[in-house]
There are 4 protein chains.
Amino acid sequence: MTAPIGVGVIGVGYWGPNLLRNFNNASGAEARWAADLDTGRLEHIKKLYPSVRTTQDYREMLADEGTDAVVIATPADTHCRLAVEAFEAGKHVFVEKPMAISEDECRQMVQASEKAGRKLMVGHTFLFNNAVHQIKQLIDSGELGDIYYVYVNRVNLGLFREDCNVVWDLAPHDIAILNWLLDSTPVSLTAVGHSYVQPDIEDVAFVNLQYPNKVMAHLHVSWLDPNKVRTITVVGSKKMLVYDDVSNTEKLRVYDKGVNVVMPHYDTFGEFQLSYRYGDIVLPRIEDSEPLRNEAEHFVDAILNDSTPRSDGHSGLEVVRTLEAACDSMREGGAARILGGASVGG
Amino acid sequence: MTAPIGVGVIGVGYWGPNLLRNFNNASGAEARWAADLDTGRLEHIKKLYPSVRTTQDYREMLADEGTDAVVIATPADTHCRLAVEAFEAGKHVFVEKPMAISEDECRQMVQASEKAGRKLMVGHTFLFNNAVHQIKQLIDSGELGDIYYVYVNRVNLGLFREDCNVVWDLAPHDIAILNWLLDSTPVSLTAVGHSYVQPDIEDVAFVNLQYPNKVMAHLHVSWLDPNKVRTITVVGSKKMLVYDDVSNTEKLRVYDKGVNVVMPHYDTFGEFQLSYRYGDIVLPRIEDSEPLRNEAEHFVDAILNDSTPRSDGHSGLEVVRTLEAACDSMREGGAARILGGASVGG
Amino acid sequence: MTAPIGVGVIGVGYWGPNLLRNFNNASGAEARWAADLDTGRLEHIKKLYPSVRTTQDYREMLADEGTDAVVIATPADTHCRLAVEAFEAGKHVFVEKPMAISEDECRQMVQASEKAGRKLMVGHTFLFNNAVHQIKQLIDSGELGDIYYVYVNRVNLGLFREDCNVVWDLAPHDIAILNWLLDSTPVSLTAVGHSYVQPDIEDVAFVNLQYPNKVMAHLHVSWLDPNKVRTITVVGSKKMLVYDDVSNTEKLRVYDKGVNVVMPHYDTFGEFQLSYRYGDIVLPRIEDSEPLRNEAEHFVDAILNDSTPRSDGHSGLEVVRTLEAACDSMREGGAARILGGASVGG
Amino acid sequence: MTAPIGVGVIGVGYWGPNLLRNFNNASGAEARWAADLDTGRLEHIKKLYPSVRTTQDYREMLADEGTDAVVIATPADTHCRLAVEAFEAGKHVFVEKPMAISEDECRQMVQASEKAGRKLMVGHTFLFNNAVHQIKQLIDSGELGDIYYVYVNRVNLGLFREDCNVVWDLAPHDIAILNWLLDSTPVSLTAVGHSYVQPDIEDVAFVNLQYPNKVMAHLHVSWLDPNKVRTITVVGSKKMLVYDDVSNTEKLRVYDKGVNVVMPHYDTFGEFQLSYRYGDIVLPRIEDSEPLRNEAEHFVDAILNDSTPRSDGHSGLEVVRTLEAACDSMREGGAARILGGASVGG
């Protein structure tokens, strides 16, 4: 029997304690270190987890041979530096989303990971969410038919951030989900947005993503909306679905609806014959399980079994690349940006 | 006492009979003629309105001195020709939306109207809808504060058309509403869309409209959606509202919600302080009244009182100009199109 | 080929014209007569159906040999007299709900029908409604398991009637549905209610019906409610369902939910072990079809094929008997009334 | 400055820890003791609140002079004995709902409280809930007009209890709310219910309560329902409201709806003229605050200021009396039970 993976968390302010708790509960791992500049936060952690060592200097954590993996939950502009340093110390790295603040930084992180031969995983939690998994199965099994387009509404009132705009705050979730569901990355995009409340920090944005094979995706992200909405609508040639993350009991609705195209005979001048299909709606039961817990265990498994995490550095990089392009487009009044994406399998 | 305005309707297939009924009921007017190429339709009208004269040749209607006004409910590509001919015969013209199929045609219609000194009105029904009127009052009274942005969802499954795409089918409503609510026309736009079911006829589109003063509008129109949705969300600096045209009893919700920006004192380095306001939600009672009836009476009033209709030729032209630009942008992969719009008052 | 069944309608005020239209459209039948004391109503019918003969004296209709069947849509207190007279004239009779205003009157009608050898059917429309049919199938197929209890909410604001209370106005629908769904009639009942707006005319009532085999049903009927609600909830041992008649698109929801009882082993003192089952929710597609049309054709079929209508005189009588008992109980402060009902099969 | 009220909690299994936490946080009080037979529960409390003394023998807590008040969160059949013993030791008592298992026990508790000159309060949490307070204000201010009737739906799937039926489990909340809102207690009641899952433990019940002045209340409580519903509908002569405790953001809806009765002139034979009023719907903002915290502070205030708690022994007794009568009625097939209630003021 092997010793558990020793995990150290850098940054235990807002989100880090959730990660620490879940890595501590993950089978095969134990929380070993917490690093933060704020001693108040460290004391709080110490009270909850007396056996976890705390430090204001994360280098102490990196120097400990018992630390196998480092979890980075600090502001995004420190991710790259901390991750590279951790790889150089021979640690596996789990980094919160967004992976970093530029494609270039992401590339450095991937290279450092490969050079060190250590795992790199990005905290795209929704890839470990049961409802999203069910959608993935519905797509992959062909039940929805060909995917036509997907649109996402992720809006509510607040919380405004001062360190990044609404695209960097909310869209990483959706781009990660889309890339995974569609097994591809965007070919091009256009985006528009505005900053209404704080100068130069966009609080509303509409992003159009063009995927391969004519698949279109659209994101509406906003901190300025009367209602909290988190929906993803997937329109396929055979069925359609709506995923409502706000609902407690009815997260997924699968509609047996569609348009059937009857091709005209070759020797007639007939036009396309369309028939509409309105069938049952099914709300499959989604098992409860904490996505963060699934995510933590996935990372531990990747280390133990030397497998590639679902949200590895390459996928995290693609998300950041898309975020950067969206912001560029937005600042150029919606000019199209080419990303050159492709099907992942292709 | 004057004789009632004699009204003739050209095209009594799908929508024309509704117009005929409402013009017949409008005070100060009476339905006098119905023209259609299909004799079956004419017989149907004759049975419902025995006193209405029917003809396969609309010129007969135009030649009748008792015809004061002509209502055109034929396919959009015939609007211009018929309207110009009617003006030349000295008639007032009410034309269904879209006004025509190009800005150029619209211009010819406006010129013919001005030359003849006769009224030209476009059937943008939503400008005669009580809920939309209430929104207009909420905006104009300042109750919503500065308008930040507006977004519209007009989606459902079907009905696919073969003669125009989803933008020409559904967006005229929304552009007319937006231009009227915002008292301005778009400065520029970008649009993306695809044709999934019928070749070359877009069935899904996302259109971003930039209005003066940083006001942004966004349209999602689709024939390919699992749900029927018709909502308009208006986000202001003081309040927000959602108009749900599908609901029978709760069409309008006004949210006393917003973000208050507290400006920092000049002598501190403080950042913007934001506070969120979550107040009551009010669902004002909307009086029932048929928009089409209001619209018909508005046209009759414009004739009788020599006033300018709310949806006159100029406003109809602006809608068509925007539709054309949206389709251009859509076919160029979302390239921005300058429209140069401005506040109507300015 | 036989001549169509000639149908005469007595009472063409509010509801009668719907019946006339549907009997006219039913295959195998044709509307032949309309009788009403109000000549204005008769003129209206004449305009819509020029071939229908109209009269102020229904006896003229009864005297016509071409009249095979009479549809009675007059106030409830005239049903018995008119039906008996029609049977005596050798006509089949379709009578609107409630069948009459007392069990005794119903009995006279049944006897007259039997004596004349003519069909008697009561207009319990919901027995010809597709959603209710689907519920019946779900129950009869065993998919819901044993039926535990059913409750009905039929409430809204208005319309207050002056000729009967809310129980006689709204509950006939539900009692007819329940008796049919449960294949039985109530064993006993209790009811409470009050008249808040008009003296002595109850506008709110709660009725508890006890069916055989411990099946319980509960009705809440009201003219005094902020919302329009029409729901029927059926709780079975295996599945549960909610029928929402107000919804246009989601009328039926079938919940794969329940409580499993694990019986303890005989040799332990264990208590019942319960486990909760939360499965999928299915919203089956309900085909659109007008219940009134189905109802009219059912009556015509019963005549043509000499079969017993689903809502025959016996079933109509049971509904009236239950309504009478409910009102008695209500006026005695909720005292239990024995009805002695039983399973229809038994 | 006085020393804080020392509070001891008897029973720290399921609900007791919430009470302990809230009394510990209430200003003017501190948690001093926790008693439980289960040493595991005591250790758990000790870890969370190191300064709280723990004991398996509550008599130790009662013997401590520093214990001013005792909170009883044990099974209902022990409430009376423990409360009386606490009063005899000179303590104030807060007891969870239901106050006891019979009216007789409640009377003993009230007498012991009065003899000892100590406060007795029952944990009817909803009387300390902000939404319920807003309803109380709407009623007392006359905004709703005369109250006609109230109905409550408190249903869901599970949790089945083995120690009491669904009436004792769920109805105490609603009876306490109703008595408080209506400032009166029931005059009489009828109730029906059945035990479908566990023998002899009713899992579904319908209870009709008759209050003074013709005000009617109706409860539907169930452990066997496909949906979780917690609504209270209040119908007044001027306005109506629905309180939905399951909704996070829209708990209260106030409908400006009603029926206006126009009395006929004395010299006409006219019947009542009714007109329906359909006005705005308002969803007032409900401030978030934990009812349990409000409740704990209310008890501490009552001790400090020698005032009568809102939910004192008399009100707790009335709830239990009504529960007993409801169960009696239920077992007698819905027979009416006289309670003789009256307006509290009268």
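Dividing the convex hull volume of the Cα atoms of the range D:151-190 by its residue count, what figure in Å³ per residue is obtained?
On the way: hull volume 3.6 nm³, N = 40.
Taking the convex hull of the Cα positions in the range D:151-190, it is 89 Å³ per residue.
Would you compute, from DSSP H runs of 4+ residues alone, the mean residue ellipticity of chain C at 222 nm, taking -39500 (n - 2.57) per run and dividing by the full residue count, rounded to the nearest 500? Before the final figure, lay out the partial values.
Details: 9 runs with 112 residues, N = 346.
Dividing the helical sum by the residues of chain C leaves -10000 deg cm²/dmol.
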**OP:** Calculate the dipole size of the protein assembly as shown relative to its Cα centre from +1 charges on Lys and Arg beta carbons and -1 charges on Asp and Glu beta carbons; express the result in debye to the nearest 20.
**Re:** 0 debye
Original post:
Where Rh denotes the Kirkwood radius from the mean inverse Cα pair distance, what is Rg over Rh for the protein assembly as shown?
Top reply: 0.99
Original post:
Quick one: label points 7 angstrom along Cα→Cβ at D:G142, distances to the other copies in nm, smallest first?
Top reply: 3.5, 6.4, 7.3
**OP:** Rounded to whole Hz and in sequence order, give me ³J(HN,Hα) for the range D:146-163 from the Karplus expression 6.51 cos²θ - 1.76 cosθ + 1.60, θ = phi - 60°, writing x for Gly and Pro.
**Re:** 5, 7, 8, 7, 9, 9, 10, 10, 10, 9, 5, 8, x, 7, 5, 10, 9, 9
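Please state, as a whole number in µm²/s, the translational diffusion coefficient that the Stokes-Einstein equation yields for chain A at 25 °C and 0.890 mPa s, with Rh defined as the Kirkwood radius across alpha carbon pairs. Don't skip to the answer; put the middle values down first.
Values: Rh = 21.6 Å.
So the translational diffusion coefficient is about 114 µm²/s.
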Original post:
If you bin the C-alpha pair distances of the range D:1-91 every 10 Å from 0, what whole percents do you get?
Top reply: 18, 55, 25, 1
Original post:
Taking only Cα atoms, what is the 0 to 90° angle, nearest 10, from helix B:16-25's long axis to the longest principal axis of chain B?
Top reply: 80 degrees
Original post:
So who's got an amide H within less than 5 Å of the one on A:C164, skipping anything under 5 residues away but keeping other chains? H placed 1.01 Å off N, in plane.
Top reply: none
**OP:** Take the Cβ-Cβ distance between B:E114 and B:S307 as r, set R0 to 22 Å, and report the resulting FRET efficiency rounded to the nearest 0.05.
**Re:** 0.90
Subject >> FRET efficiency, A:T231 to D:V246 (Cβ-Cβ, R0 30 Å, nearest 0.05) >> reply: 0.90
Subject >> Placed amide H near C:D146: partners under 5 Å, 5+ positions off or other chain >> reply: C:S237, C:K238
Original post:
What size of dipole, in debye to the nearest 20, comes out for the range C:200-323 about its Cα centre when the only charges are +1 on Lys and Arg C-beta atoms and -1 on Asp and Glu C-beta atoms?
Top reply: 520 debye
Original post:
Residue of B with Cβ nearest the axis relating B to C, plus distance in whole Å?
Top reply: B:N248, 5
Original post:
Roughly speaking, to the nearest percent, how much of chain C's 1.4 Å accessible area is carbon and sulfur?
Top reply: 48 percent
Original post:
Gap in Å between the Cα centre of the range D:1-41 and the Cα centre of the range A:196-225?
Top reply: 50 Å
**OP:** Give me the distance between the Cα centres of the range D:304-344 and the range B:106-121, rounded to whole Å.
**Re:** 78 Å
**OP:** List every residue whose amide H lies under 5 Å from the amide H of A:I286, counting only residues 5 or more places away in sequence or on a different chain, with H placed 1.01 Å from N in the peptide plane.
**Re:** none
**OP:** Using only Cα atoms, find the angle between the long axis of helix A:291-305 and the longest principal axis of chain A, and express it within 0 to 90 degrees, rounded to the nearest 10.
**Re:** 70 degrees
Original post:
Label C:S195 and B:D38 with points 7 Å out from Cα along Cα→Cβ: what is the distance between them in nm?
Top reply: 5.5 nm
Original post:
Quick one: Karplus J couplings for the range D:190-199, per residue in order, coefficients 6.51, -1.76, 1.60, θ = phi - 60°, nearest Hz, x for Gly and Pro?
Top reply: 9, 8, 10, x, 8, 10, 9, 9, 10, x
Original post:
When each copy gets a label point 7 Å from Cα toward the beta-carbon at C:N305, what are the spacings between them in nm, shortest first?
Top reply: 6.0, 6.3, 7.6
Original post:
Under the Karplus relation 6.51 cos²θ - 1.76 cosθ + 1.60, θ = phi - 60°, what is the ordered set of whole-Hz ³J(HN,Hα) values for the range B:223-235, x standing for Gly and Pro?
Top reply: 9, 10, 9, x, 10, 8, 10, 9, 10, 10, 10, 10, 10
Original post:
Longest span of chain C, sites excluded, free of GluC sites (Glu not before Pro) in DSSP loop with at most 10 other C-beta atoms within 10 Å?
Top reply: C:163-270
Subject >> Inter-copy spacing of B:Q111 label points, which lie 7 Å from Cα along Cα→Cβ, given in nm from shortest upward >> reply: 6.4, 8.9, 10.4
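How much accessible area per residue does the protein assembly as shown have, counting only protein heavy atoms and a probe of 1.4 Å, in square angstrom? Walk me through the numbers before you get to the answer.
Details: 57120 Å² over 1384 residues.
Ligands and nucleic acids excluded, the result is 41 Å² per residue.
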Original post:
In degrees from 0 to 90, rounded to the nearest 10, what is the angle of the helix A:166-182 Cα long axis to the longest principal axis of chain A?
Top reply: 70 degrees
**OP:** Please give the FRET efficiency for D:R293 paired with A:Q273, using the beta carbon to beta carbon distance and R0 = 60 Å, rounded to the nearest 0.05.
**Re:** 0.40
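The values are calculated or read from the model by the stated rules, or taken from the named source; none is laboratory data. Model, not experiment: these values are computed from the prediction. Methodologically, a virtual Cβ is constructed for each residue, glycine included, from the backbone with ideal geometry; neighbour enumeration extends over all protein chains shown. Ligands, DNA and RNA are stripped out before the accessible areas are found, and what is left, the full protein with its side chains, is counted by its heavy atoms. Shrake-Rupley method; radii C 1.70, N 1.55, O 1.52, S 1.80 Å.
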